[in-house]
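The structure under discussion appears below in the form of structure tokens.
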Amino acid sequence: MAEFGYTLMGEQTGPTQLVGDAVRAERAGFDFAVVSDHYNPWLAAQGHSPYAWSVLGAVAYATRRMGLMSFVTCPIRRYHPAVVAQKAATVGLMSQGRFTLGLGAGENLNEHVVGAWPHVSQRHDMLVEAMAIIRSLLAGEQLRFGGEYFDVPEARLWDRPPDGVPIALAASGPDSCELAGEYADAMIAVKPAPELAHLFDAAGGAGKPRYGQVAVCYGADEARCRKLAHEQWRWGGLGWPVMAELPEPRSFEAATATVREEDVAALVPCGPDVDRHVAAVRRFLDAGCTHVALVQVGGDEQEAFLGFAENDLLPALRAET
């Protein structure tokens, strides 16, 4: 049976509310929660970007049942992979084994704050080294590592879950699917494309979880929802090759200046119709995803969405799977 998650979207919500939203999401019946790990919002209109790992620690302590995941953390520039391993191990312990470390090759938007943004081919090579370091440390090894991009003269994790921490890797094409199949315990699909699941399976991912994410804008007034989605989510249709390279929120503003409200509404279901939201999730399930996280657009709209999810959306989704 598929599992359904709630997105703690740091780009649109401050840290204290995120923790409260996580507690409410668990009460509403979500199976897991994912946390975005950004330094900047996509658009200035979103208005937030707290430190994801502080939020994760608080959420791990405040919740009891649902799984947790970073969605996703880039371990090649803003964070050193040895530090990522330590953070993941700590949250794994605090959550009593409910945490999955979601990793990806990152975006210029967040990583350039500490230096130049490498070419995509170099980023994949860096990610391979980072994964080797993280996996070894989470497995409890005393690590000495000397690579082309990272050095770890000597490190071990003193506090870690005895069974380690599962790792999921974001995938958008053949190269990243191959990495996910070989090195990760799960795949995160950046789009509802069946070929990603097939490539993941071929690379060793058969039988492993596959995560997707769907943006929705629930509300009683469809016209208001369409306006909000256009204001805060029009970047969502740019595609990963573009999203990974633009450096600032103002770059995303410029790149989406001609995107119309109806263009966004074609991508993000808006309004109160539960069937429309279920259909958006179904696209990822049909593409082979076993876990789908929902994003409610608009930081101020979370309470209404969580009530809708508890009473209508989650029952409708589970009735279909």
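The values are calculated or read from the model by the stated rules, or taken from the named source; none is laboratory data. Everything numeric in this text was worked out from a predicted model, so none of it was measured. FYI the Cβ positions are ideal-geometry reconstructions off the backbone, even for glycines, and counts take in every protein chain you see. When the accessible area is computed, the model is the full protein with side chains, heavy atoms only, and any ligands, DNA or RNA have been set aside. Shrake-Rupley method; radii C 1.70, N 1.55, O 1.52, S 1.80 Å.
Quick rundown of the values:
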{"quantity": "Spatially proximal lysines relative to K87 (Cα-Cα < 26 Å; intrachain offsets below 8 disregarded)", "calculated": "K208"}
{"quantity": "Cα-centre dipole for segment 19-149 with unit charges at Cβ (Lys and Arg positive, Asp and Glu negative), debye to 20", "calculated": "380 debye"}
{"quantity": "Rounded to 5, percent antiparallel among DSSP beta bridges of the chain", "calculated": "10 percent"}
{"quantity": "Cα lying deepest toward the dipole's positive end in the chain, options L137, A229, A293, charges on Cβ", "calculated": "L137"}
{"quantity": "Surface share of carbon and sulfur [accessible, 1.4 angstrom probe, percent] for the chain", "calculated": "50 percent"}
{"quantity": "Distance between segment 68-137 and segment 215-289 - C-alpha centres, whole angstrom", "calculated": "26 Å"}
{"quantity": "Student exercise, the chain dipole from Lys, Arg, Asp, Glu Cβ charges, in Debye to nearest 20", "calculated": "480 debye"}
{"quantity": "Net charge of neighbours whose Cβ lies under 15 Å from the Cβ of A193, counting Lys and Arg as +1 and Asp and Glu as -1", "calculated": "0"}
{"quantity": "Nearest 10 degrees, 0 to 90: helix 52-62 Cα axis against the chain principal axis", "calculated": "80 degrees"}
{"quantity": "Amide H partners (placed H, <5 Å) of E245, local residues excluded", "calculated": "N108"}
{"quantity": "Nonlocal amide H pairs with T73, under 5 Å, H built at 1.01 Å", "calculated": "G102, L103, G104"}
{"quantity": "MRE, 222 nm, helices only [DSSP H, n ≥ 4, -39500 (n - 2.57), over the chain, to nearest 500]", "calculated": "-12500 deg cm²/dmol"}
